Every structure is written in C-alpha cells, then in structure tokens.
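Accompanying notes for the structure given below.
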Amino acid sequence: MAEQKYRPEVSIEPWDAGDFGLLQQLNSPEMTVFLGGPETEEKLLSRHKRYCEIAGTGTGRMFKILLQPELEVAGSVGYWNQTWHGEPVYEIGWSVLTAFQGQGIAAAATVKAIAMIHSEQKHRYIHAFPKISHPASNSICRKLGFTFMGECDFEYPLGTMIRCNDWRLAPDLEVNF
C-alpha cells in the first residue's frame, strides 16, 4: 500500500490592516534573500497599504495564509494585474515564513488563489517569476502544472533587475496538488 503524503490544510483570508506584523516578518533578510533584500519601513508601509486596498481596485487580491486548525499565520499569497509582453496577465506570488517552509503550505495556498483567479475569468494567463536561483518556488511552479516559458529579466524591487524564470498557467486548467 502506497504511503499517503501529508498535505497541510490551509485557508487564505483577505489581507487587512492588522497584517502589518506579518509583512514585517516576511521582510526579514532571510525571507527576502531571493527578492533583493528587505525594504525600508517607508516602502513596507506603502506595500501594506496597497495590500489592504488591492481587492477594492479590481486589480488583484492579497491574502494571509492560515494553517488549520490552529489558524496560525504562515505567510502570504496574492495576485495582481501585470502586463507581460504586451498582454494583460495576472502575476502570482507567495511567501511562507521560515518555520513553515518545506511543508507544502505555499503550494496549497497558491492552489486556493488560482481557484479565485479562475472564478474571475479576467486574464488569459497567470505568470509566476521566481528568481532562477530559488529552487523551492520553481519547484512549486512545476508541481502545480505551470509551463516553463524560459528565463527573463524582471524588475524587482523597482529599479533592480533580477534573473527569473517565467512560468505560465492558464487559469481555466485544473490544478492538481
């Protein structure tokens, strides 16, 4: 009999004003090593404001990831409008706190965010742009059925170019995890 692989039970809830502490945790040097390093407090406050307001703009959504049944906050996942090669797409991204990494939490939460994107039926594709040197995030893209489109230069944070992998998913595809 094949061994059943543990899959974490997660939920995602909309980002709100009380989540600034989570954003501060996600902004630590070890959490931002693949993102160009921590942002200043001023930039972090601006990011938090965008996260709180994005759902009301119709341009995406940000969520905190909760580990069930304790409702322990484990990270964030979200998607937002992006123009890629002249085409409107959703960009998706995730970040899981160090203590919760390697447990499938990011993949499980990303599946839930993709389901929300699917319900919107707004853009033809979802793209993820993990840094080429970030094995965990690239593995999540592979696991969730994203198609590898190639390497690309991507600006993140603003003003800093990083080398990323371009992963693409059609939101109408069934994501198996």
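A few notes on this one:
- Scanning the range 9-68 for residues being crowded, with 16+ Cβ neighbours inside 10 Å, of a type in the set (D, E) and either touching a Gly at 6+ places or on another chain (Cβ under 6 Å) or closer than 19 Å to T110 by Cα (or both) gives a total of 1.
- Enumeration of residues in the range 127-164 that are touching a helix residue (DSSP H, G or I) at 6+ places or on another chain (Cβ under 8 Å) and either surrounded by fewer than 18 Cβ atoms within 10 Å (Cβ to Cβ) or among the basic types (K, R) (or both): K131, I132, A136, K143, F148, P157
- Unique residue being under 22 Å from N27 (Cα atoms) and part of a strand (DSSP E or B) when the list is S137, S133, S95: S95
- Consider the range 31-89 and keep the residues that are in contact (Cβ under 8 Å) with a residue 40 or more places away in the chain and aromatic (F, W, Y). The one that is nearest to I117 (Cα to Cα) is Y79.
- Flag for W167 being more than 24 Å from L67 (Cβ to Cβ), surrounded by 16 or more Cβ atoms within 10 Å (Cβ to Cβ) and touching a helix residue (DSSP H, G or I) at 6+ places or on another chain (Cβ under 7 Å): yes
- Scanning the range 4-44 for residues being among the polar types (S, T, N, Q) and either in contact with a strand residue (DSSP E or B) (Cβ under 8 Å, 6 or more places away or on another chain) or not in a loop (DSSP other than H, G, I, E, B) (or both) gives a total of 3.
- Test for F177: is it surrounded by fewer than 18 Cβ atoms within 10 Å (Cβ to Cβ), at pLDDT below 90 and of a type outside the set (A, V, I, L, M): yes
- The range 68-79: number of residues that are on the phi < 0 side of the Ramachandran plot and at pLDDT below 95: 4
The values are calculated or read from the model by the stated rules, or taken from the named source; none is laboratory data. Quantities reported herein were computed from a predicted structural model and do not represent experimental measurements. We place every Cβ from the backbone using ideal geometry, glycine too, and count neighbours over all the protein chains shown.
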